[in-house]
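The values are calculated or read from the model by the stated rules, or taken from the named source; none is laboratory data. Quantities reported herein were computed from a predicted structural model and do not represent experimental measurements. Backbone-built Cβ (ideal geometry, glycine too); neighbour counts: all protein chains shown.
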Amino acid sequence: MRTIKLIKNRSDLGAGTRGADMGIDAIEIAAINKNNDYFNCYPFEDIETENETIYNKVNFTSAKRIESVLRVCERLSSSIERNLKANNFPIVLSGDHSSAIGTISGIKAAYPGKRLGVVWIDAHADIHSPYTSPSGNIHGMPLAAVLGDDNLDFKIKEVIEDAYKYWQELKNVGIEGAKIRHEDVIYFGVRDTEKPEEDTMEKNKMKNYTVSEMRFRGFELCLNEAVEKLSDCDMIYISFDVDSMDCDLISKGTGTPVSKGFDQYEVERIITKFVETDKVVSFEVVEVNPTLDNKGNVMAETAFEVLEVTTEALVK
């Protein structure tokens, strides 16, 4: 049986709004306030961040702070690879979603011969590249990076040479080349996208299970179908962005809140369904931003409850 290992990555440089660096502490405070000793039960390690570089000038508007994001992702990738080889199960708690580049790269570095499926629970597709991103924020680019997809068919701007070089390095963190295939990514709850992302998803026939579809067709039917779609994958990574949940129902404690999302229990069901396959090798929680929470610390409290349920399912 694998040992749970908590990997704490407080970097929030990939986001457009600061504050997600405090998300992990907010989740820990939520546990303390419940008199829950969760964070004393498992070994952990901290990934060195470069959050102090937030004060530096942005060199590349097409990929903001990519130099620092790259270095953090390299450290995270090395940590994930090392822990998987030590037979640990990494639960990754991160600031912004650019961290998924490091996590996915580390998984593939540990298991280069295995096929990886990705369960992406999020309001956003996060499949922009520097050529298509309107904002240049890298938390909107992790899937493009690990897919090795520049989305050039749908580009809206040019990328200067130095930014291009860093982007190439980011795509090759851990091991060179693409880590996953488009058909091995399944979205849940995506509902806030730009046209280049929509075109990329359509071109590659990427499945998005919307909130309305799952409620109309039934969660079990959709989840059984989704599990079947990843049946050829040897292993699965689950990425849970808290903005997948309904910001009006839960709270606005995340950088890019979107209405009409899942409730907490629907998210838990999605996650546990894939855990039941025994293929899940890592789970990640991202984008809790307590500085934006309009209800106190509710987003972190909800994220902690999802974390608890997931961990219980993993150790069964």
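State which residue pairs qualify: first residue in contact (Cβ under 8 Å) with a residue 60 or more places away in the chain and over 23 Å from residue 314 (Cα atoms) and inside the range 71-89, second residue β-branched (Val, Ile, Thr) and outside any helix (DSSP H, G or I) in any location, beta carbons under 7 Å apart, and separation of 6 or more residues or different chains.
Every condition considered, the pairs that remain are 72/47; 72/49; 73/173; 74/173.
Is it the case, given these coordinates, that residue 63 is of a type in the set (A, V, I, L, M), under 21 Å from residue 238 (Cα atoms) and at pLDDT 95 or above? Talk me through it step by step, then tell me what you get.
Working: of a type in the set (A, V, I, L, M): yes; under 21 Å from residue 238 (Cα atoms): no; at pLDDT 95 or above: yes.
It is false that residue 63 is of a type in the set (A, V, I, L, M), under 21 Å from residue 238 (Cα atoms) and at pLDDT 95 or above.
Could you please find all residues in the range 82-117 being more than 16 Å from residue 175 (Cα to Cα), hydrophobic (A, V, I, L, M, F, W, C) and more than 13 Å from the chain's Cα centre (by Cα)?
86, 89
I want to confirm something. Restricting to the range 1-53 and keeping residues that are in a loop (DSSP other than H, G, I, E, B) and of a type in the set (Ser, Thr, Tyr), which single residue is farthest from residue 313 (Cα to Cα)? Before you say what the answer is, go through the steps one by one.
Taking the range 1-53 and keeping what is in a loop (DSSP other than H, G, I, E, B), we get 1-2, 10-19, 34-37, 42-43, 47-50.
Now restrict to residues that are of a type in the set (Ser, Thr, Tyr): 11, 17, 42, 49.
Numbers: 11: 27, 17: 33, 42: 15, 49: 30 Å.
So the residue we want is 17.
Quick one: which residue in 300, 313 is among the small types (Gly, Ala, Ser), in contact (Cβ under 8 Å) with a residue 12 or more places away in the chain and closer than 24 Å to residue 218 by Cβ? Show your work before the answer.
On the way: 300 fails: closer than 24 Å to residue 218 by Cβ.
Being among the small types (Gly, Ala, Ser), in contact (Cβ under 8 Å) with a residue 12 or more places away in the chain and closer than 24 Å to residue 218 by Cβ holds for just one of 300, 313, which is 313.
Within the range 259-278, count every residue that is touching a residue at least 40 places away in the same chain (Cβ under 8 Å) and either surrounded by 18 or more Cβ atoms within 10 Å (Cβ to Cβ) or not basic (Lys, Arg) (or both). I'd like the intermediate steps shown before the answer.
In the first step, residues of the range 259-278 are kept if they are touching a residue at least 40 places away in the same chain (Cβ under 8 Å); the result is 260-262, 264, 266-274, 277.
When the remaining residues are screened for being either surrounded by 18 or more Cβ atoms within 10 Å (Cβ to Cβ) or not basic (Lys, Arg) (or both), the result is 261-262, 264, 266-268, 270-274, 277.
Of the residues in the range 259-278, 12 are touching a residue at least 40 places away in the same chain (Cβ under 8 Å) and either surrounded by 18 or more Cβ atoms within 10 Å (Cβ to Cβ) or not basic (Lys, Arg) (or both).
What residue, of 236, 250, is crowded, with 23+ Cβ neighbours inside 10 Å and either within 23 Å of residue 110 (Cα to Cα) or in contact with a strand residue (DSSP E or B) (Cβ under 6 Å, 6 or more places away or on another chain) (or both)?
236
Looking only at helices (runs of 4 or more DSSP H) that fall completely inside the range 183-248, which ones have 1 or more residues that are over 21 Å from residue 134 (Cα atoms)?
Working: elements: 195-203, 211-217, 219-229.
Per the criteria, 211-217, 219-229.
How many residues are surrounded by 15 or more Cβ atoms within 10 Å (Cβ to Cβ), touching a residue at least 24 places away in the same chain (Cβ under 8 Å) and out of contact with any Pro (no Cβ under 7 Å at 6 or more places or on another chain) if we restrict to the range 170-179? Walk me through it before giving the result.
As a first pass, look at the range 170-179 and keep what is surrounded by 15 or more Cβ atoms within 10 Å (Cβ to Cβ): 170-175, 178-179.
After this cut, where a residue has to be touching a residue at least 24 places away in the same chain (Cβ under 8 Å) as well, the list is 170-171, 173-175, 178-179.
Restricting the remaining residues to those that are out of contact with any Pro (no Cβ under 7 Å at 6 or more places or on another chain) gives 170-171, 173-174, 178-179.
Residues that pass the stated criteria total 6.
Look at the range 33-90 and say how many of its residues are surrounded by fewer than 19 Cβ atoms within 10 Å (Cβ to Cβ) and among the small types (Gly, Ala, Ser).
Matching residues across the range 33-90 total 2.
Quickly run through the range 102-142 and pick out the residues that are part of a loop (DSSP other than H, G, I, E, B) and in contact with a Lys or Arg (Cβ under 7 Å, 6 or more places away or on another chain).
Correct list: 123, 131, 132, 136, 137.
Collect the residues in the range 120-162 that are buried (at least 24 other Cβ atoms within 10 Å of the Cβ) and of a type in the set (A, V, I, L, M, F, W, C), keeping them in residue-number order.
Once the filter is applied, which keeps residues that are buried (at least 24 other Cβ atoms within 10 Å of the Cβ) and of a type in the set (A, V, I, L, M, F, W, C), the range 120-162 yields 120, 121, 123, 125, 127, 138, 141, 143, 144, 145, 146, 147.
Can you find, within the range 134-192, the residue that is farthest from residue 114 (Cα to Cα) among those that are in contact with a Phe, Trp or Tyr (Cβ under 8 Å, 6 or more places away or on another chain) and among the acidic types (Asp, Glu)?
158
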